[in-house]
Amino acid sequence: MASLKMQEVLNKIKEYDRIIIFRHSRPDGDAIGSTKGFQRILKLSFPEKEVYLQNCDFSDYLAFLGPEDGEIDTELYKDALGIVLDTGNAKRISNQNFSLCREIIKLDHHIPLESYGTLEWVEEERSSTCEMVAAFYDAFKDELKIDKEAATYIYTGMVTDSGRFRFRDVSAETMRLASIMLNYGIDTDWIFA
């Protein structure tokens, strides 16, 4: 079931023709999985929109998830919606050009450290931001599209940020959402290799 914040996020996405996605510097599996998974869902669901992933550093140990977008012209930021995932404070955002976006959405599962978004959807009880992305997809599955690639990114982030589903903040809801991702034929041997 969609929360009011989820609905506000979807409404804002629908307003914009260009969306630029960001994450925190020194990325982990949740940062990379949530941004790549969210980008893929948006590209599948809204093929008419420009959806970019813009970051300034990368992770060698997560390179198996594939490359990210190359740098775009800063002019493209001014009319864009910026969506920052998995980042508690603005200073830690990998690409500081996020501040050039017309509006910014903060989507995060950490204890709030700083308010920096026009719209903020924070659920600190979630095990990962990827869990939030999975919940977002599930809430709007009649409107949004997902595939094996997006599910793989999201599941990878859920696995890494939850300590392979061992940490305290893993709930029945976490496992339900993970099972939705698994239904897309994810190769778990490849992820855990």
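The values are calculated or read from the model by the stated rules, or taken from the named source; none is laboratory data. Being a predicted model, the structure only gives us computed values, none of them experimental. Quick reminder, even Gly has a Cβ in these numbers, built from the backbone with ideal geometry, and neighbours come from all protein chains shown. Just the protein is used for accessible areas: all its heavy atoms, side chains included, with ligands, DNA and RNA removed. Shrake-Rupley method; radii C 1.70, N 1.55, O 1.52, S 1.80 Å.
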Scanning the range 139-163 residue by residue, those over 21 Å from Ala63 (Cβ atoms) and aromatic (Phe, Trp, Tyr) turn out to be Phe140
Could you please find all residues in the range 166-181 being open to solvent by less than 60 Å² (accessible area, probe 1.4 Å) and without any contact (Cβ under 8 Å) to a residue 24 or more places away in the chain? Ser179
Does the range 62-81 hold any residues that are at pLDDT 95 or above and either crowded, with 17+ Cβ neighbours inside 10 Å or not in a helix (DSSP H, G or I) (or both), and which are they? Ile72, Asp73, Tyr77, Lys78, Asp79, Ala80, Leu81
If you take the residues in the range 27-56 that are part of a loop (DSSP other than H, G, I, E, B) and under 16 Å from His110 (Cα atoms), which one is most open to solvent (accessible area, probe 1.4 Å)? Asp28
Which of the residues belonging to the range 127-141 are assigned to a helix (DSSP H, G or I) and polar (S, T, N, Q)? Thr129
Any residue in the range 108-126 that is in contact with a strand residue (DSSP E or B) (Cβ under 6 Å, 6 or more places away or on another chain), under 20 Å from Asp57 (Cβ atoms) and either among the charged types (D, E, K, R) or not in a loop (DSSP other than H, G, I, E, B) (or both)? yes
Among the residues of the range 89-126, write down those that are small (Gly, Ala, Ser) and surrounded by fewer than 19 Cβ atoms within 10 Å (Cβ to Cβ). Ala90, Ser99, Ser115
When you check Leu107 against the structure, is it touching a residue at least 24 places away in the same chain (Cβ under 8 Å) and over 26 Å from Gln7 (Cβ atoms), yes or no? no
Checking the condition hydroxyl-bearing (Ser, Thr, Tyr), closer than 23 Å to Arg40 by Cβ and open to solvent by 70 Å² or more (accessible area, probe 1.4 Å), which residue from Tyr184, Tyr137 passes? Tyr184
In the list Ser3, Ser59, which residue meets the criterion of being in contact with a Pro (Cβ under 7 Å, 6 or more places away or on another chain) and at pLDDT below 95? Ser59
In the range 4-26, how many are assigned to a loop (DSSP other than H, G, I, E, B) and more than 12 Å from the chain's Cα centre (by Cα)? 4
Would you be able to tell me the number of residues in the range 39-74 that are within 20 Å of Phe98 (Cα to Cα), touching a residue at least 40 places away in the same chain (Cβ under 8 Å) and of a type in the set (S, T, N, Q)? 2
Restricting to the range 147-163, count the residues that are surrounded by fewer than 22 Cβ atoms within 10 Å (Cβ to Cβ) and modelled with pLDDT of 95 or more. 3
